[in-house]
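This report refers to the structure that appears directly beneath it.
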Amino acid sequence: MATFLKNKTISVIFLSLASMVALGWTLKQDDETNYIKLDKAALKKDSIASVMAFKNVYKVLMSPRCVNCHPKGDVPLQGDDSHLHVMAPKRGLDGKGVYAMKCTNCHQPKNTPGQHTPPGNPDWHLPPADMKMVFEGRTAHELAKQLVDPAQNGNKNIKKLKEHADDALVLAGWNPGEGRTLPPMSHAEFKKEWLTWLNNGAYAPAK
Ligand code: HEC
Ligand code: HEC
């Protein structure tokens, strides 16, 4: 009787553990396929059109106006040569700087007139420390994969990604302040390529 109870207890514990693991696994699977699942019906799946569009998207993402805020380290970049930001302001947990060195000390809601003055935006900051959204140094293949991964893109599904084309900080790239070059195509062209890439299956180039 004692042995029977013991065995029963063990199998109950075992079964509960097993179902917890299985549940965890299912949730994780759901999470990872989030973006595909939500939008499967809307996707046209044309890998050639998708990859061609991403190659143009990539040119914009890697332009100084975008990469300067998507650095691999914790210091933003500056200038058309993407050098490390003078005085090295740090990302901080929320991307808004640390201690007395907050981005908004210098970056006002609007561009400051003149050469070599801080560009402005009410929400000027880097992606947060736990979701760095690095563009610097990424190949087109790596970046395309990263952009649609909810664990790396701030939990964006395809709808949110599409909307991000009109995000205020993205638009800021086309209003960079005096003396800075514009991204290599207009915002309208960028948006068209971005949507073409996503609508056709968000395929990653081979390299
Ligand atoms: C002032 C800094 C800043 C600039 C400039 C900037 N970004 Fe960002 N970007 C951010 C921040 C902060 C986030 C995270 C906030 C969010 O997800 O809404 C982000 C998120 C993103 C994302 C979503 C994240 C992902 O991995 O899918 C994309 C796409 C993006 N930016 C594209 C661009 C493009 C394109 C440009 C240039 C035209 C640009 N960014 C310029 C700060 C910036
Ligand atoms: C002490 C003032 C100061 C602080 C603090 C500061 N910046 Fe700047 N930032 C500037 C100035 C000035 C420029 C323009 C430099 C130039 O054009 O030579 C600039 C330029 C930039 C650029 C380049 C924009 C472009 O399009 O090339 C980025 C990106 C940037 N800052 C991000 C940040 C972020 C993010 C923070 C907070 C973590 C921050 N800055 C904090 C003064 C500051």
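If we keep just the residues of segment 84-136 that are aromatic (F, W, Y) and surrounded by 14 or more Cβ atoms within 10 Å (Cβ to Cβ), which is nearest to ligand 1 (Cβ to nearest atom)?
W124
What are the residues in segment 83-124 that are in contact with a helix residue (DSSP H, G or I) (Cβ under 8 Å, 6 or more places away or on another chain) and either in contact (Cβ under 8 Å) with a residue 60 or more places away in the chain or outside the structural domain of C69 (by TED's automatic domain parsing) (or both), if any?
Of everything in segment 83-124, just one residue is in contact with a helix residue (DSSP H, G or I) (Cβ under 8 Å, 6 or more places away or on another chain) and either in contact (Cβ under 8 Å) with a residue 60 or more places away in the chain or outside the structural domain of C69 (by TED's automatic domain parsing) (or both), namely P119.
Might you check whether a residue that is over 12 Å from the mean Cα position of the chain (by Cα) and of a type in the set (V, I, T) occurs anywhere in segment 63-71?
No.
Quick grid of which residues meet (1) touching a helix residue (DSSP H, G or I) at 6+ places or on another chain (Cβ under 8 Å); (2) farther than 20 Å from P127 by Cα; (3) assigned to a loop (DSSP other than H, G, I, E, B); (4) outside the structural domain of D80 (by TED's automatic domain parsing):
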site: A144; (1), (2), (3), (4): yes, no, no, no
site: N153; (1), (2), (3), (4): yes, no, yes, no
site: K156; (1), (2), (3), (4): yes, no, yes, no
site: W174; (1), (2), (3), (4): yes, no, yes, no
site: T181; (1), (2), (3), (4): yes, yes, yes, no
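Pick out the one residue from L169, L195, L182, L126 that is more than 14 Å from the chain's Cα centre (by Cα) and within 16 Å of ligand 2 (Cβ to nearest atom).
L182
Could you pull out the residue among A151, A165, A206, A172 that is in contact with a Leu (Cβ under 9 Å, 6 or more places away or on another chain) and not hydroxyl-bearing (S, T, Y)?
It is A165.
The values are calculated or read from the model by the stated rules, or taken from the named source; none is laboratory data. Please read these numbers as outputs of a predicted model, since none were measured by experiment. Neighbour counts run over all protein chains shown; Cβ positions are idealised from the backbone, glycine included.
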